[in-house]
Amino acid sequence: MATQHLDLEEQEQLDQLKAFWARWGNALTWLAIVVLGAYAAWNGWQYYQRAQATQAAQLFGEMQAAASANDADKVVRVLQDMQAHVGSTALMNHARMLAAKTLVDAGRDAAAREQWQALMKDTDDQGLRASAALRLSALDMQAKAWDQALNQLKGAWPESYAGLMADRRGDILQAKGQASEAVQAYQQAYAALPKDAAYRQMVAVKLNALGVEAKE
């Protein structure tokens with residue numbers, strides 16, 4: 001009797017399982033496919049990201065070597081390779097900064113400007129943007145494009161760049177012949193720069209040259 005009861009109980013469980021699978025089996029199968037597919041896609045994306053990062057690091061190393069050798073032509077070639085193959089990586093914008101500096105040293109200001117402008121457009125890194133803005137304003141100063149140089153500095157910048165931005169505005173305003181406005185900018189720079197920063201003394205010298213004492 002016990003065996004017969006157990007057989008009937010097992011049969012009932014089996015029937016319940018069949019009924020459950022008939023109702024939900026298709027949905028569960030598709031759910032499993034979606035989950036496994038998402039997991040495979042995530043693994044694939046992680047592998048792709050690692051491969052991209054590795055390739056970007058290798059190319060950036062080549063660029064550093066070319067920049068150290070002042071080989072602007074090779075720097076440009078490596079930069080083009082990076083843009084073609086690892087353009088979405090974080091190192092891309094650092095590569096633009098390094099390439100632009102090398103191009104300026106080689107007297108290729110227009111090409112350098114293109115890289116800094118591309119960086120300003122593409123990156124959300126405010127430190128990199130601020131560095132590029134300062135360098136673009138320096139190029140504009142060399143061209144005596146004073147208003148354009150000032151426009152490069154407009155915007156909200158990280159607090160750590162406030163002193164440098166104000167100092168550059170002072171340089172531009174002084175070059176324009178606007179001495180009183182330059183003094184105001186230099187005073188802002190002096191106040192914003194860390195007290196132990198060596199460059200702060202340079203700002204004080206600029207103020208002294210304009211007949212003004214630096215204020216804390």
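Any read-out appearing in this document is the output of simple, stated calculations on the displayed coordinates, not a laboratory observation. Predicted model only: the values in this text are computed from it and were never measured. Methodologically, a virtual Cβ is constructed for each residue, glycine included, from the backbone with ideal geometry; neighbour enumeration extends over all protein chains shown.
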Hits in the stretch 158-199 - residues which are of a type in the set (Lys, Arg) and under 20 Å from GLY127 (Cα atoms): ARG168, ARG169
Filter result (among the hydrophobic types (A, V, I, L, M, F, W, C) and within 14 Å of SER137 (Cα to Cα)) within the stretch 148-181: ALA149, LEU150, LEU153, LEU164, MET165, ALA166, ILE172, LEU173, ALA175
Yes/no for LEU150 being aliphatic (A, V, I, L, M) and under 24 Å from LEU193 (Cα atoms): yes
Tally, over the stretch 138-173, of residues that are assigned to a loop (DSSP other than H, G, I, E, B), more than 24 Å from the chain's Cα centre (by Cα) and of a type outside the set (A, V, I, L, M, F, W, C): 1
Index of the failed condition, GLU114 passing every other in (1) part of a helix (DSSP H, G or I); (2) over 30 Å from SER88 (Cα atoms); (3) out of contact with any Gly (no Cβ under 9 Å at 6 or more places or on another chain): (2)
Filter result (part of a helix (DSSP H, G or I) and surrounded by fewer than 20 Cβ atoms within 10 Å (Cβ to Cβ)) within the stretch 73-90: ASP73, LYS74, VAL76, ARG77, GLN80, ASP81, GLN83, ALA84, HIS85
First in the stretch 71-86 and more than 13 Å from GLN115 (Cα to Cα), second anywhere and acidic (Asp, Glu), Cβ under 6 Å, 6 or more apart: VAL78/GLU62
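Quick one: how many residues across the stretch 89-144 are hydrophobic (A, V, I, L, M, F, W, C) and on the phi > 0 side of the Ramachandran plot?
Selection size over the stretch 89-144: 0.
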